[in-house]
Amino acid sequence: MKAVVYEEYAPDDDYKKILKVKDIDEPKPKPNEVVFTIKAASLNYNDIWGMRGNPIPVTLPHVSGSDAAGDVIAVGDEVRTVKVGDKVVSHSNMSCRVCDACTDGREFDCLRRTIWGFQTGPNWGAFSEVSHLPEVNVVKIPQNVSYDEAAAASMTLLTSWHMLVGRAKIRPGQTVLIMGGGSGVGSFGIQIAKLYNCTVIATASPDKLEKLKQLGADYAVDHRKEDWHKEVRGITKEIAKSTGSSPGIDVSFDHIGQSHWNKQLTLLKFGATLVSCGATTGYDAKTDLRHVFFKGTNILGSTQGTRAELEQGFYWMGRGKIKATIDSVHSFENAAEAHTKMLTGKGLFGKILLKPEV
C-alpha cells in the first residue's frame, strides 16, 4: 500500500527533501485492533514537530498523521463494538486505560499517553492507504458526516471541546474570546461557544475576519494590530451596557501563546478563565501576576480530551450544529506543499486534508 514516509529529519523545514510516497506493508489486526482504509486524513502541527525531530525525536522510518477517517476492512478476535463496513474516525490519544488517571476519566493525563501518528511507529500513522488502531481509539462517524469532515474534526474538535466544555466549563450567556479563530481549533471553538449560547469575540488576521462571522462569531477583531485588545475591551463595554454585566471576558480560548498572553489577561473579568492548549508564537510568555492573583484568574492547561468528549462533539456534528472548516485537499504526492502551507499559515483558514488520490 502507498504511504507518505520520511526516513530522516528536516530541521530546516525542507519537506520536499524527506517526504516520499512509498509502498509499505498493509497491516493485519491484533486481537484488539481495527484495520481501516483511509479516505481522508488531516494535518496537525505535530506533523511538523515530527519532521523536525524536535521537541520529541520520533521513530524512523515514519508515517505521520493523527486524524483519519475511513471504512473498517478487518477486526481482531476481541473487537466487539466495531464491525467490517463501519465508517470510523480516529481518536489519536492512546493511553494505557488502567492507571489512576485513566480510570479516573482523565486519559489525557496518562503518563504513558502517546499520540498516534506523532509518537507511534515505525510507519504507523494516518498518511497511508490503510492503517490500524485499537478498538478504543476509533469512533463511529454519524451518518450525515462525510469522511473529509470527520478527518478535519478528529483532533481539533476534541481539543476545542475539552478546552471549553471539559476544562473551562462554559455556561450560556458568557462572553468568550477565541484567539486565532481561523485555525482548526479556533473554528471549532467559535461554534462550540455559540452552541452554548455565548457571545463570541474571535480574532484573526484581517483577511479572515468575515469568515469568522460566517462561522458564528458575533465580533471579529484583527489581532495583528498592536492595540487589538483595546478594541476587544470596547466591545465588552458595549455588551455590558446591554446585559447589565461587568465588562470583560469570561473565558479566553488560547493557543497562540507568547505574543498575546498578557493582553488576554488584561481583558479577563474577576474570577474569569484563560484556557490554553498551545503556543504557536512561542512558549516563553511573560505574565503580569497582578492580573492573576488580584482578579482571582483561573489559568487552565488543556491537551487532547477523552473518547467520550469526541463522541459528544460528533453527536453535534451529526445534528448539523457544528461543521468542519476545510481549507484545502492535497494528494499524497503534494504532501510537502500541504505541510509548507500549514507552517506559513498564508491564506490558511481551517484544516488541510491529505488523501491517497485527489
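The values are calculated or read from the model by the stated rules, or taken from the named source; none is laboratory data. Remember, predicted model here, so these are calculated numbers, not experimental data. Neighbour counts run over all protein chains shown; Cβ positions are idealised from the backbone, glycine included.
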Every residue in segment 307-358 that is polar (S, T, N, Q) and at pLDDT 95 or above, please. Gln312, Ser328, Ser331, Asn334, Thr340
For Gly271, which of the numbered conditions (1) surrounded by fewer than 14 Cβ atoms within 10 Å (Cβ to Cβ); (2) part of a loop (DSSP other than H, G, I, E, B); (3) at pLDDT 95 or above; (4) small (Gly, Ala, Ser) fails to hold? (2)
Leu265 meets each of (1) buried (at least 19 other Cβ atoms within 10 Å of the Cβ); (2) within 20 Å of the chain's Cα centre (by Cα); (3) aliphatic (A, V, I, L, M) with one exception, condition (2)
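For segment 133-150, which positions are outside any helix (DSSP H, G or I) and closer than 19 Å to Arg307 by Cβ? Spell out the reasoning first.
Looking only at segment 133-150, we keep the residues that are outside any helix (DSSP H, G or I), and these are 133-134, 138-146.
Leu133, Pro134, Val138, Val139, Lys140, Ile141, Pro142, Val145, listed by residue number.
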What do you reckon, is Ile178 buried (at least 24 other Cβ atoms within 10 Å of the Cβ), at pLDDT 95 or above and either under 15 Å from Thr306 (Cα atoms) or out of contact with any Lys or Arg (no Cβ under 8 Å at 6 or more places or on another chain) (or both)? yes
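Being among the hydroxyl-bearing types (Ser, Thr, Tyr) and either closer than 21 Å to Ile326 by Cβ or buried (at least 22 other Cβ atoms within 10 Å of the Cβ) (or both): is that true of Ser242 here?
Details: among the hydroxyl-bearing types (Ser, Thr, Tyr): yes; either closer than 21 Å to Ile326 by Cβ or buried (at least 22 other Cβ atoms within 10 Å of the Cβ) (or both): no.
So Ser242 fails the test.
Just a yes or no: is a residue in segment 149-171 farther than 15 Å from Glu33 by Cα and surrounded by fewer than 18 Cβ atoms within 10 Å (Cβ to Cβ)?
Taking segment 149-171 as the starting set, the residues that turn out to be farther than 15 Å from Glu33 by Cα are 149-171.
Pick out the ones that are also surrounded by fewer than 18 Cβ atoms within 10 Å (Cβ to Cβ) and you get 169, 171.
Looking for residues that are farther than 15 Å from Glu33 by Cα and surrounded by fewer than 18 Cβ atoms within 10 Å (Cβ to Cβ), one finds at least one in segment 149-171, hence yes.
Could you tell me whether any residue of segment 285-306 is part of a helix (DSSP H, G or I) and under 30 Å from Asn137 (Cα atoms)? Spell out how you get there, then give the answer.
Residues of segment 285-306 that are part of a helix (DSSP H, G or I), as a first pass: 290-293.
Adding the requirement that they be under 30 Å from Asn137 (Cα atoms) leaves none.
For segment 285-306, residues part of a helix (DSSP H, G or I) and under 30 Å from Asn137 (Cα atoms): absent.
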Checking the condition assigned by TED's automatic domain parsing to the domain that holds Gly186, under 23 Å from the mean Cα position of the chain (by Cα) and surrounded by fewer than 20 Cβ atoms within 10 Å (Cβ to Cβ), which residue from Thr281, Thr287 passes? Thr281
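If I ask for residues that are surrounded by fewer than 16 Cβ atoms within 10 Å (Cβ to Cβ) and out of contact with any Pro (no Cβ under 6 Å at 6 or more places or on another chain), which ones from segment 74-85 would you list?
Here is the first cut: in segment 74-85, the ones surrounded by fewer than 16 Cβ atoms within 10 Å (Cβ to Cβ) are 77-78, 80-81, 83-85.
Hits for segment 74-85 are Arg80, Thr81, Lys83, Val84, Gly85.
Identify, please: which residue in segment 10-24 is touching a residue at least 40 places away in the same chain (Cβ under 8 Å) and either surrounded by fewer than 17 Cβ atoms within 10 Å (Cβ to Cβ) or assigned to a strand (DSSP E or B) (or both) and is, among those, nearest to the chain's Cα centre (by Cα)? It would help to see each step written out before you state the result.
Restricting attention to segment 10-24, the residues satisfying the condition of being touching a residue at least 40 places away in the same chain (Cβ under 8 Å) are 10-11, 13, 15-16, 19, 21, 24.
From what is left, the residues that are either surrounded by fewer than 17 Cβ atoms within 10 Å (Cβ to Cβ) or assigned to a strand (DSSP E or B) (or both) are 11, 13, 16, 21.
Details: Pro11: 23, Asp13: 21, Lys16: 25, Val21: 25 Å.
Among residues in segment 10-24 that are touching a residue at least 40 places away in the same chain (Cβ under 8 Å) and either surrounded by fewer than 17 Cβ atoms within 10 Å (Cβ to Cβ) or assigned to a strand (DSSP E or B) (or both), the one nearest to the chain's Cα centre (by Cα) is Asp13.
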Restricting attention to segment 25-48, report how many residues are surrounded by fewer than 18 Cβ atoms within 10 Å (Cβ to Cβ) and within 15 Å of Glu8 (Cα to Cα). 0
Matching residues in segment 275-296 (touching a helix residue (DSSP H, G or I) at 6+ places or on another chain (Cβ under 6 Å) and at pLDDT 95 or above) number 1
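Just checking, which of Asn144, Asn123 is within 19 Å of Asn44 (Cβ to Cβ), out of contact with any Leu (no Cβ under 7 Å at 6 or more places or on another chain) and of a type in the set (S, T, N, Q)? Please lay out each step first, then the result.
Values: Asn144 fails: within 19 Å of Asn44 (Cβ to Cβ).
On inspection, the qualifying residue turns out to be Asn123.
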